[in-house]
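The values are calculated or read from the model by the stated rules, or taken from the named source; none is laboratory data. Please read these numbers as outputs of a predicted model, since none were measured by experiment. Cβ placement follows ideal geometry from the backbone for every residue including glycine, while neighbour counts extend to all protein chains displayed. We work out accessible area using only protein heavy atoms, side chains counted, and drop any ligands, DNA or RNA first. Shrake-Rupley method; radii C 1.70, N 1.55, O 1.52, S 1.80 Å.
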Amino acid sequence: MDRYKMLEEIGDGTCGCVFKAINIETYEIVAVKKMKRKFYFWEDCMNLREVKALRKLNHPNIVKLKEVVRENNELFFIFEHMECNLYQIMREQQRPFSEEEIRNFMSQVLQGLTHMHTNGYFHRDLKPENVLVTKDVLKIADFGLAREVSSAPPYTEYVSTRWYRAPEVLLQSSTYTPAIDMWAVGAILAELFTLSPIFPGESEIDQLYKICCVLGTPEPAVFPKASNVSLLMNLSCAEISPANLSDIIPNASLEAIDLIMQLCSWDPLKRPTADQSLQHPFFHVGMWVPYPLRDPLELKLNNKGPKPNLELNLWDFGAEPDDCFLGLTLAVKPSVSNLGGKLMFVLN
């Protein structure tokens with residue numbers, strides 16, 4: 001560690017302290033995480049979950065572990081340095097974020113998660129403090145609780161900060177999946193709109209109550225392997241109705257509300273994956289993307305009759321150069337006796 005000069009302490013956690021430091025040979029600014037426990041064997045260092053995960057994960061939206069140093073039985077992680085974390089940015093924000101800013105933030109988090117989950121890891125402690133920021137670049141950090149997707153349960157019940165903890169973890173399910181990361185994404189997305197946590201529980205039971213106040217009470221059958229489902233049974237007696245999320249987050253678009261509701265689904269199986277979330281219309285405003293929405297017009301054709309012949313005509317409305325219009329006419333030929341009509345779509 002002679003190559004590094006500590007400049008200031010920038011964080012203190014359960015497992016270690018983080019310092020801003022400078023490499024006196026290259027003058028590069030780095031972050032040094034000094035572990036609090038002693039390590040007497042190099043093998044113990046290399047078997048740490050954080051080391052194993054970060055050695056495998058290489059992505060622009062995941063913080064880079066540059067070096068691991070063991071000196072005098074003390075262990076140091078050398079990371080790339082980031083200016084701040086997402087929590088600090090939200091705390092200092094004087095105005096609500098624009099939806100475009102939120103899209104930029106969350107798309108980066110989801111790209112990092114997609115890489116992580118695809119490579120067999122889930123984070124288990126995703127929260128604004130663990131999303132580091134430099135300028136407009138976001139990177140997921142702190143993999144101390146990361147687990148391999150393929151690792152055998154039971155897992156540790158109490159993981160992640162309470163406000164971002166998925167219901168199946170609160171209820172002490174021992175077989176949770178990467179869907180717990182997706183719940184945290186939904187909670188963070190909501191918080192970026194309101195600048196305050198959406199589920200600010202003060203205890204385990206209060207956390208479940210706060211969730212029920214937004215989502216309504218679920219069916220206990222959703223969590224068949226939860227060992228503490230009695231907590232939910234007590235709340236279910238109250239029969240809390242779901243709130244209108246648009247009233248709670250009035251500055252969010254309908255697309256944002258829909259994505260938050262999907263991510264914060266009681267049922268982990270109904271939450272979209274990180275990759276599926278990136279395909280949601282929220283991230284494609286102004287663009288057409290395939291999405292399973294119901295067709296508002298359903299034509300019921302007689303299977304016994306002849307198939308209709310369709311004509312598609314396109315034309316230019318002759319708009320000003322600054323405008324772009326596309327006219328469509330979809331007509332059914334009168335050769336089919338019981339069908340007819342014309343549909344016109346004008347896209348701006």
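Output yes when any residue across the range 49-69 is over 20 Å from PHE122 (Cα atoms), in contact (Cβ under 8 Å) with a residue 60 or more places away in the chain and of a type in the set (Asp, Glu), and no when none is. The answer is no, given that none of the residues of the range 49-69 is over 20 Å from PHE122 (Cα atoms), in contact (Cβ under 8 Å) with a residue 60 or more places away in the chain and of a type in the set (Asp, Glu). Within the range 209-264, restricting attention to residues that are β-branched (Val, Ile, Thr), outside any helix (DSSP H, G or I) and touching a Phe, Trp or Tyr at 6+ places or on another chain (Cβ under 6 Å), which residue is modelled with the highest pLDDT? Out of the qualifying residues, it is ILE249. Can you find a residue in the range 186-195 that is modelled with pLDDT of 95 or more and open to solvent by 20 Å² or more (accessible area, probe 1.4 Å)? Yes, that holds for at least one residue. Scanning the range 144-169 for residues that are in a loop (DSSP other than H, G, I, E, B), hydrophobic (A, V, I, L, M, F, W, C) and modelled with pLDDT under 90 gives LEU145, ALA146, VAL149, ALA152, VAL159. Residues that are among the small types (Gly, Ala, Ser) and in contact with a His (Cβ under 9 Å, 6 or more places away or on another chain) within the range 4-42 comprise ALA21, ALA31, listed in sequence order. Given the condition over 20 Å from PRO128 (Cα atoms) and touching a residue at least 40 places away in the same chain (Cβ under 8 Å), answer yes or no: does some residue in the range 87-107 qualify? No, there is no match, as no residue in the range 87-107 is over 20 Å from PRO128 (Cα atoms) and touching a residue at least 40 places away in the same chain (Cβ under 8 Å). Just so you know, in the range 239-262 the residues that are free of Cβ contacts under 8 Å to residues at least 24 places away in the same chain and over 19 Å from the mean Cα position of the chain (by Cα) include one that is surrounded by the fewest Cβ atoms within 10 Å (Cβ to Cβ), and it is ASP247. Number of residues in the range 108-125 that are surrounded by 19 or more Cβ atoms within 10 Å (Cβ to Cβ), in contact with a strand residue (DSSP E or B) (Cβ under 9 Å, 6 or more places away or on another chain) and at pLDDT below 95 equals 4.
Of the residues VAL18, VAL30, the single one that is touching a Gly at 6+ places or on another chain (Cβ under 8 Å) and among the aliphatic types (A, V, I, L, M) is VAL18.
Screening LYS36 on (1) under 19 Å from ARG3 (Cβ atoms); (2) open to solvent by 60 Å² or more (accessible area, probe 1.4 Å); (3) not aromatic (Phe, Trp, Tyr) shows it passes everything except condition (1).
For VAL51, the conditions (1) in contact with a strand residue (DSSP E or B) (Cβ under 7 Å, 6 or more places away or on another chain); (2) surrounded by fewer than 20 Cβ atoms within 10 Å (Cβ to Cβ); (3) at pLDDT 95 or above; (4) among the β-branched types (Val, Ile, Thr) all hold with the exception of (3). Is one or more of the residues making up the range 70-85 assigned to a helix (DSSP H, G or I) and among the hydrophobic types (A, V, I, L, M, F, W, C)? Checked against the condition, which is being assigned to a helix (DSSP H, G or I) and among the hydrophobic types (A, V, I, L, M, F, W, C), the range 70-85 yields no hits at all. Scanning the range 21-33 for residues that are β-branched (Val, Ile, Thr) and buried (at least 16 other Cβ atoms within 10 Å of the Cβ) returns ILE22, VAL30, VAL32. The set of residues in the range 161-175 that are open to solvent by less than 10 Å² (accessible area, probe 1.4 Å) and under 22 Å from GLY120 (Cβ atoms) comprises ALA166, GLU168, VAL169.
Within the range 94-123, the set of residues being over 12 Å from the mean Cα position of the chain (by Cα) and in a loop (DSSP other than H, G, I, E, B) comprises GLN94, ARG95, PRO96, PHE97, SER98, ASN119, GLY120.
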